[in-house]
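Here is the structure we will look at, set down as structure tokens.
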């Protein structure tokens, strides 16, 4: 029953429109109280809730079109998605980040200094070492790391045997090193990829271990999120709408 904004900040590697089954292009229209037209996010009903989504993938003609932007253009694009989108009331704003600690990450840390960071890694040591740089960036930017999620943790075959294809313990080791909780370990399941390709996330069907893990992670994030009354000084607070927006970042830091 929540209203959740999704900002796809992976400007070059956008995938949110396909994964959520939302290919329609974004449009702008005149909004009362604004001097210029505002971008209207695309919406999708999920149960009793609503997703409001913006992505550069909703601006290009097709998925194969490359966006050859860098530096200031990247930062300006994300800033426009924050300031020039008619988000309306939001319970949460989730920002999907590109890998690394580049212009987009540094720009968002400056624009939204009171956000929480969710770090996604795989069990492999190489991925863990990449992900810890995001935690270091958060520390230097005075951002809170809300937890670690381990993706592709293991594969379970039909006869019940589990195989750690990318090693074991990377997510927990990363969480221990930066002093946060491991929020969940998402197993490898073909249905996850198939659901993303078809625009029907596996968690909506609620079938399989991966769907269960995703649901538990979401519940833990909600339980850990302050309500609006605790966010009076937050820079992500929309004073015009009178609501607090908690921003959760989900950088895709995989090997």
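For the range 3-251, compute Rh as the Kirkwood radius over C-alpha pairs and then the Stokes-Einstein diffusion coefficient at 20 °C and 1.002 mPa s; write the answer in µm²/s, rounded to an integer.
Numbers: Rh = 19.1 Å.
For these conditions, the coefficient is 112 µm²/s.
Please give the FRET efficiency for residue 212 paired with residue 12, using the beta carbon to beta carbon distance and R0 = 35 Å, rounded to the nearest 0.05. Present the calculation step by step, with values, prior to reporting the outcome.
On the way: r = 32 Å, r/R0 = 0.92.
Plugging the Cβ-Cβ distance into 1/(1 + (r/R0)^6) gives 0.65.
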Original post:
Taking the Cα atoms of the range 115-189 alone, what are Rg (to one decimal) and Dmax (as a whole number) in Å?
Top reply: 13.1, 47
Subject >> CD proxy at 222 nm, helix term only [per DSSP H run n ≥ 4: -39500 (n - 2.57); per residue of the chain; nearest 500] >> reply: -9000 deg cm²/dmol
Subject >> Percent antiparallel among DSSP beta bridges (both partners in the range 3-251, rounded to 5) >> reply: 25 percent
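Between residue 205 and residue 129, what FRET efficiency comes out of the Förster formula 1/(1 + (r/R0)^6) with R0 = 35 Å and r the beta carbon distance, rounded to 0.05? Kindly include the intermediate steps, with their values, before the conclusion.
Details: r = 35 Å, r/R0 = 0.99.
E between residue 129 and residue 205, to the nearest 0.05, is 0.50.
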**OP:** Throw me the Rg/Rh for the range 31-176, computed over C-alpha atoms with Kirkwood Rh, two decimals.
**Re:** 1.03
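A short reminder: the numbers here are calculations on the coordinates, not readings from a lab. All values derive from a computational prediction rather than experimental measurement. All Cβ positions, glycine included, derive from the backbone under ideal geometry; neighbour counts span all protein chains shown.
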